[in-house]
Amino acid sequence: MTTMKKYTLLCIGICAVMAFTSCKSSESAYKKAYEKAKQYDTAQPQTTEETPVVSPVVVTRPANDARVVDNLDNVSVRQESVSLVSGSGLKAYSVVVGSFGVRANAEGLQQRLRDAGYDAQIVRNNEKNMYRVVASTFNDKYSAVNSRDQLRAIYPDAWLLFNQY
């Protein structure tokens with residue numbers, strides 16, 4: 001049995017030697033890969049020229065040459081079903097400067113607006129149970145927008161109400 005043990009031991013040793021030598025990378029393989037890469041680098045022309053950067057052309061104009069475009073179609077207008085509570089009646093476009101759940105509060109703002117020279121009115125939105133205080137009312141949107149813009153100096157939340165007859 002000793003020969004059998006020797007034979008087994010010899011086979012294990014040969015397998016181990018073969019396993020370690022087959023996994024080992026040779027220095028010549030690295031050298032060949034390096035040489036091939038070096039040849040590829042020298043074969044490719046090196047371009048050091050950069051792509052030019054193009055910037056947009058900016059045309060400057062003096063401030064007095066600026067054009068103002070009125071875009072009234074983008075002005076938001078709220079459409080609500082309202083009924084007149086106090087005042088002479090609404091036209092198509094109205095400037096609302098206050099909304100209140102209590103009628104007495106709306107009447108207080110209406111009086112302040114009348115003291116300031118506005119034909120202030122109160123309308124009621126029954127659906128939302130709110131009293132709207134209207135500072136001015138117009139037949140055309142352009143006039144209503146101008147009035148709203150002036151009133152926003154005092155009432156920054158002023159908005160436009162469209163009323164269908």
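Between a first residue in the stretch 93-111 that is within 19 Å of N146 (Cβ to Cβ) and a second residue that is part of a loop (DSSP other than H, G, I, E, B) and open to solvent by less than 20 Å² (accessible area, probe 1.4 Å), which pairs have beta carbons less than 9 Å apart while being 6 or more apart in sequence or on different chains?
V95/A158; V96/A158; V97/A120; V97/A158
Can you name the strands (runs of 3 or more DSSP E) wholly within the stretch 54-137 that have at least 2 residues being open to solvent by 70 Å² or more (accessible area, probe 1.4 Å) and either touching a strand residue (DSSP E or B) at 6+ places or on another chain (Cβ under 9 Å) or modelled with pLDDT under 95 (or both)?
77-79
Of all residues in the stretch 129-165, count the ones that are acidic (D, E) and touching a residue at least 24 places away in the same chain (Cβ under 8 Å).
2
The values are calculated or read from the model by the stated rules, or taken from the named source; none is laboratory data. Remember, predicted model here, so these are calculated numbers, not experimental data. All Cβ positions, even for glycine, are placed from backbone atoms using ideal geometry, and neighbour counts span all protein chains on display. The area values use the complete protein model at the heavy-atom level, side chains included, leaving out ligands, DNA and RNA. Shrake-Rupley method; radii C 1.70, N 1.55, O 1.52, S 1.80 Å.
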